[in-house]
1. Could you size up the charge dipole of the range 128-242 around its Cα centre, putting +1 on the beta carbon of Lys and Arg and -1 on that of Asp and Glu, and report it in debye to the nearest 20?
2. Measuring from label point to label point, each 7 Å out along Cα→Cβ, what is the ASP246 to LYS101 span in nm?
3. With a ≥ b ≥ c the root eigenvalues of the C-alpha gyration tensor of the range 49-161, is it rounded (a/c under 1.5), prolate (a/b larger than b/c) or oblate?
4. Let's see if you can work this out: charge +1 on each Lys and Arg Cβ, -1 on each Asp and Glu Cβ, no other charges. What is the dipole magnitude of the range 71-186 about its Cα centre, in debye to the nearest 20?
5. Can you figure out the FRET efficiency of HIS290 with ILE212, using R₀ = 22 Å and their beta-carbon distance, to the nearest 0.05?
6. If I ignore ligands, DNA and RNA and count only protein heavy atoms, how much of THR126 is accessible to a 1.4 Å probe, in Å² to the nearest 10?
7. Return the whole-Å distance between the Cα centroid of the range 45-89 and the Cα centroid of the range 160-184.
8. Rounded if a/c is under 1.5, else prolate if a/b is larger than b/c, else oblate: which is the range 179-303, with a ≥ b ≥ c the root eigenvalues of its Cα gyration tensor?
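The values are calculated or read from the model by the stated rules, or taken from the named source; none is laboratory data. None of the values given here were measured: they were computed from a predicted structure. FYI the Cβ positions are ideal-geometry reconstructions off the backbone, even for glycines, and counts take in every protein chain you see. Heads up: the accessible areas ignore ligands, DNA and RNA and are worked out on the full protein's heavy atoms, side chains in. Shrake-Rupley method; radii C 1.70, N 1.55, O 1.52, S 1.80 Å.
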Amino acid sequence: MTPPSDLAPHGAPAAEPFPGDGSGQRGEGRLLAVSDLHAAVTDNRPIVESLYPTSDADWLIVAGDVAETPEDIRWALELLAGRFAHVIWTPGNHELWTVAKDPVQLRGQARYDHLVELCRELGVTTPEDPFPLWPGPDGPVAIAPLFLLYDYTFRAPGTHTKEESLAVAHESGIVCNDEYLLHPDPYPTRDDWCRARVAETERRLAEHDPQIPLVLAGHWPLVREPTSVMWYPEFAQWCGTELTADWHRRFHVTAVVYGHLHIPRTTWYDGVRFEEVSIGYPREWRQRGHPRGLLRQILPYEGEPAPPAGTDAEPSAQPRTPGGTS
């Protein structure tokens, strides 16, 4: 995949709320989540404009890939922060891209710091802030926004090193645009930045009060298993790190929220619920629709119960899909 020369414009007209999203209703507060809004894509903009709470007390997790430029990111988060009681954001890879037409040419850590300040101006919680406590009906739950990146340890099948895995991806033509647009400055590599982020985040999670359950919310999945249904297994190397594979067991975690794969579904690992909450690109949601709704209710949980102890659950009928190949 060659570097993109441009990004879709964002000049779509305002839209009425999508049916079934509960605009204007009032009820008990919920913890909701969404990711991969891709608000710079013309046909996704009305979706962002349609997102409303059903209660003045609803919180919203936005798990990355809002857009590529600070201008579009501000537009989307300011809109959502004005509607929801509390918005929590963590970056995806797209927020960290430095694209040619963006007036903000910051790279790497400096770009991330710029976005953190943008969010704080809007009252949006970031991975650099204390974990907010969502006041659930069974007691408080801490929401931990995670910024972790990836370190190429979800390697292509049959490979044993980062170099081998990347070579397979380049030979097949399945290469993430991060290789061209996501700069790790001042770290030497993206995997170095990832390891630094993992170490700092792990320290904070270890210091968290174990009596208060956690919702871990990040852009990339914490375990490799969700990538097994992707059409292109070579792309998994840009989808996470093996360093986080036991976090849902080590810490007092009630749910894990992520995006990036563009495969919205619910799975269970070691009795812990994992929610992929992405909207994705028009070519994807036009094909599958939005069978889980635009906003996923994380808490209170009202879905199927956890599988029996000692078993994992992935929907066997889930169609294989390209996932987030950008």
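1. On the way: 8 positive and 19 negative charges, 28 e Å.
The calculation lands at about 140 debye.
2. 4.8 nm
3. On the way: a/c = 2.10, a/b = 1.31, b/c = 1.60.
Because a/c hits 1.5 or more and a/b fails to exceed b/c, the range 49-161 counts as oblate.
4. Values: 8 positive and 18 negative charges, 33 e Å.
That gives a dipole near 160 debye.
5. Result of the calculation: an efficiency of 0.10.
6. Its heavy atoms expose roughly 0 Å² to the probe.
7. Computed from Cα coordinates, the inter-centre distance equals 31 Å.
8. Details: a/c = 1.97, a/b = 1.07, b/c = 1.84.
Oblate, because a/c is 1.5 or more while a/b does not exceed b/c.
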